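Chemist: Pasting a structure here, questions to come.
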Amino acid sequence: MRDLKQSESGNVSLIVCGLIFVFAVLVGGSLDFARLSTAKVRTADALDRAVLAASKLTDADGQQKLFKTLMTDFASEAADAMAVKDYRLTSRNGALDGTAKVQVRTAFLPLVGLQTLDTVVDNSVSLSSPGLEVALVLDVTSSMIEEGRMEPMRSAALSFVDSLVKGETGATYMALVPFDTRVNIGPTRTSWLDSDPGSFSGCVEPKEGAAATSDTPPPLVKFIASDTRPEAAKLKKYCPKPVVPLTNRRTLLIDSIKALTSQGTTRIDQGAFWGWMSLSEKWQGQWGTASLPHKKSDAIPKLMVIMTDGQMNTRDKGNPDSSGAWFDEINKAEAKKILNEICDKMRADGITIYAINYDEETKKDPPLKTCAGNPDNSYYSAKKDIDEVFAQIAKRIQRTYLSR
């Protein structure tokens with residue numbers, strides 16, 4: 001019996017040692033992978049700078065020499081933390097592609113036979129900028145002002161415009177789409193309505209059924225003025241500032257952002273819908289400029305940057321006492337489904353989406369989690385960081401589309 005107990009004690013010791021080993025590998029391995037992630041970020045930044053600098057030169061030999069010099073310098077400076085090797089610059093269809101391999105020595109993973117971790121970093125810069133269309137879709141609901149989020153966002157949006165729109169001679173066109181309970185298409189666009197309301201605030205009702213996720217333009221579809229609803233007085237109070245269609249008039253965009261006010265509840269799907277309508281080629285000429293939005297054949301990149309600070313806010317059908325906009329006969333799940341379908345269709349149509357979930361209400365359950373499609377294009381920002389997040393997106397856009 002004593003031998004049996006000693007045997008059991010030995011087995012327990014082995015199990016405990018095994019668990020300690022597994023724990024050490026898991027914890028230590030996570031630290032090794034964190035080092036790899038940091039190395040990748042540093043190398044990506046250096047690669048971006050090297051490719052962008054090379055793109056400023058016109059001769060291929062000069063591009064190669066400058067790229068190699070910059071990357072060699074970086075590899076030397078970073079040698080204590082990582083090995084950067086096999087960095088290459090290639091020309092492809094009017095673009096420069098840079099790649100580099102990154103290797104870090106592991107501290108804990110040798111326990112399972114992994115002496116190093118490796119990854120590849122790449123970057124592409126267009127050598128010419130045919131133009132760009134950006135829809136800036138901003139949540140201006142009442143929580144933005146109540147929670148002190150409005151002014152940090154306004155400052156960030158102003159800097160965003162300043163970074164990308166250089167003036168009326170530039171090829172970057174931007175639309176501004178403020179949303180809350182509704183979106184204001186502009187009080188002069190009565191020809192888009194199914195009937196004349198007499199006095200039109202500019203706000204229209206969400207489409208229903210298949211039309212809710214379709215970019216079919218007027219006159220094939222018509223919109224219902226919010227002014228015709230029984231709750232018109234409240235809807236008019238919640239009507240935000242009008243959409244600014246695609247323009248390269250920097251001053252107009254700046255002044256419009258400065259004039260934004262905060263009110264109403266949250267219909268993110270409506271912000272996304274009208275962001276799409278401001279970029280869709282089917283709407284060319286509808287907003288007042290014959291050539292905008294551009295056709296796909298013009299090969300103009302189209303982007304939407306959408307920001308919200310809260311969850312979808314609608315009434316649950318059949319429950320008039322539920323929280324949310326009491327005049328919306330649609331529940332939150334349906335509104336989310338519409339939002340996701342709009343985002344899916346935009347991406348399928350070649351529109352790149354950057355999504356910003358802003359401040360605490362969006363942290364646990366990000367309402368725009370899947371809208372961007374690519375996780376790298378989906379951001380969370382605390383109030384204090386919103387300026388930096390917009391700056392990061394602007395920097396990515398500049399590097400990808402506006403390098404020259």
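Since every read-out is calculated from the coordinates, none of them should be taken as a lab result. This is a predicted model, so every value here is computed, not measured. Every residue, glycine as well, gets a Cβ built from its backbone with ideal geometry; the counts of neighbours run over all protein chains shown.
Chemist: Quick one: THR72, THR362, fewest Cβ neighbours within 10 Å first, how do they rank?
Modeler: Fewest to most other Cβ atoms nearby, the residues stand as THR72, THR362.
Chemist: Return the Cα extents of the stretch 161-222 along principal axes one, two and three, sorted largest first, each rounded to a whole Å.
Modeler: Here the spans come out as 39, 28, 24 Å, largest first.
Chemist: Only helical DSSP H runs with n ≥ 4 go in: add -39500 (n - 2.57) per run for the chain, normalise by residue count and round the 222 nm mean residue ellipticity to 500 deg cm²/dmol. Don't jump to the answer; show the numbers that get you there.
Modeler: On the way: 9 runs with 150 residues, N = 404.
Mean residue ellipticity, 222 nm, calculated: -12500 deg cm²/dmol.
Chemist: Can I ask one more? Is the shape of the stretch 149-296 best called rounded, prolate or oblate, per the rule: a/c under 1.5 gives rounded, else a/b larger than b/c gives prolate, else oblate, with a ≥ b ≥ c the square roots of the Cα gyration tensor eigenvalues? The partial results should precede the final answer.
Modeler: Working: a/c = 1.91, a/b = 1.25, b/c = 1.54.
Judged from the Cα gyration tensor, the stretch 149-296 comes out oblate (a/c at least 1.5, b/c at or above a/b).
Chemist: Cross-link candidates for LYS295: which lysines have Cα within less than 24 Å, leaving aside residues fewer than 8 places away along the same chain?
Modeler: Straight-line reach from LYS295, under 24 Å: LYS166, LYS222, LYS282, LYS345.
Chemist: Something else: Contact order normalised by length for the chain, with contacts defined as Cα pairs under 8 Å and 6 or more residues apart; what percent is it?
Modeler: 16
Chemist: If you don't mind, there's one more thing I want to ask. Which order do LYS384, LYS85, LYS101 fall in if you start with the one that has the fewest other Cβ atoms within 10 Å?
Modeler: Going from sparsest to densest Cβ surroundings: LYS384, LYS85, LYS101.
Chemist: Tally the DSSP beta bridges in the stretch 132-401 and give the antiparallel ones as a percent, rounded to 5.
Modeler: So the antiparallel bridges amount to about 15 percent of the total.
Chemist: Separate question: By what distance, in whole Å, do the Cα atoms of the chain stretch along each of the three principal axes, largest value first?
Modeler: 91, 75, 36
Chemist: Can you sort VAL221, VAL121, VAL177 so the residue with the fewest Cβ neighbours within 10 Å comes first?
Modeler: On the way: VAL221 13, VAL121 21, VAL177 28.
Lowest to highest Cβ neighbour count: VAL221, VAL121, VAL177.
Chemist: Give the shape of the stretch 198-260 as rounded, prolate or oblate, defined through the alpha-carbon gyration tensor: a ≥ b ≥ c are the square roots of its eigenvalues, a/c under 1.5 means rounded, and otherwise the shape is prolate if a/b is larger than b/c and oblate if not.
Modeler: Oblate is the answer for the stretch 198-260, as a/c is 1.5 or above yet b/c matches or exceeds a/b.
Chemist: What do you get when you divide the Cα radius of gyration of the stretch 62-185 by 2.2 N^0.38 Å, with N the number of residues?
Modeler: 1.64
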